[in-house]
Amino acid sequence: MKAKPCSNSLAVKISQVMPPDTNPHGTLFGGKLMAYIDDVAAIAAIRHARKNVVTASTDSIDFIAPVKAGNSICVEAYVTWTHKTSMEIFAKAITEDLITGERQVCATAFLTFVAVDKDGRPIPVPPVYPETEHEKLLHAGAPVRAAQRRERRQQSKQFTEIFGADYPWNRSK
């Protein structure tokens, strides 16, 4: 497969934050921002692979600044690194006060997507290469983040074995 530049996968979504999207503090629900990030990251992954994808993991989403009702929220995402069937996507969310024009990064996240065939089985993805300094920085750190994800996934599997699928109130003693 022919390698593609990170920039080929760039996806951007801009929305205005309306009152139904906010919590009692008048700021965007964290879950709503998480959904925006997942949506835009999925588009970036599909653009890169030109295949259907599924979310394999979301690293911590770091909420850096609140997003107020009436502000806009802009989520950018692109593929930073690939493995055989998986892609790491970096997402950045920027809030803008539409009256003053003040902008600030409000969240960042790394997500992993896997390309899948019609039966949901993983399939190979093309390699990706960085061009800009920011892309090179993210690309260089990706193997370490991938190793951390593998370790975290192993811990999650151990927890599933320990806790199982029973609800606590249905467990017999």
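The values are calculated or read from the model by the stated rules, or taken from the named source; none is laboratory data. Given the structure is predicted, the values throughout are model-derived calculations rather than measurements. Methodologically, a virtual Cβ is constructed for each residue, glycine included, from the backbone with ideal geometry; neighbour enumeration extends over all protein chains shown.
Listed here are the strands (runs of 3 or more DSSP E) enclosed by region 1-102 that have at least 2 residues being crowded, with 21+ Cβ neighbours inside 10 Å and under 17 Å from the mean Cα position of the chain (by Cα): 72-82, 86-96. Test Val116 against the stated conditions and say whether it is touching a residue at least 40 places away in the same chain (Cβ under 8 Å) and farther than 18 Å from Ser57 by Cα. For Val116, the condition - touching a residue at least 40 places away in the same chain (Cβ under 8 Å) and farther than 18 Å from Ser57 by Cα - is not met. Taking region 103-119 as the range and being part of a strand (DSSP E or B) and either more than 24 Å from Ala142 (Cβ to Cβ) or modelled with pLDDT under 95 (or both) as the test, the residues that pass are Arg103, Gln104. Would you check if Thr132 is hydroxyl-bearing (Ser, Thr, Tyr), within 30 Å of Val17 (Cβ to Cβ) and surrounded by 13 or more Cβ atoms within 10 Å (Cβ to Cβ)? The answer is no for Thr132.
Restricted to region 15-68, and to residues there that are in contact with a helix residue (DSSP H, G or I) (Cβ under 9 Å, 6 or more places away or on another chain) and of a type in the set (S, T, N, Q), the residue that is farthest from Ala3 (Cα to Cα) is Asn23. Scanning region 48-63 for any residue that is farther than 26 Å from Ala147 by Cβ and modelled with pLDDT of 95 or more turns up at least one such residue.
Answer with yes or no whether Val40 is under 22 Å from Leu137 (Cα atoms) and touching a Lys or Arg at 6+ places or on another chain (Cβ under 7 Å). Give the steps one after another, and end with the answer.
On the way: under 22 Å from Leu137 (Cα atoms): yes; touching a Lys or Arg at 6+ places or on another chain (Cβ under 7 Å): yes.
Yes, satisfied.
For region 148-160, the count of residues that are touching a helix residue (DSSP H, G or I) at 6+ places or on another chain (Cβ under 9 Å), on the phi < 0 side of the Ramachandran plot and among the aromatic types (Phe, Trp, Tyr) is zero.
Can you pull out every residue in region 28-67 that is touching an Asp or Glu at 6+ places or on another chain (Cβ under 9 Å) and free of Cβ contacts under 8 Å to residues at least 24 places away in the same chain? The answer is Phe29, Lys32.
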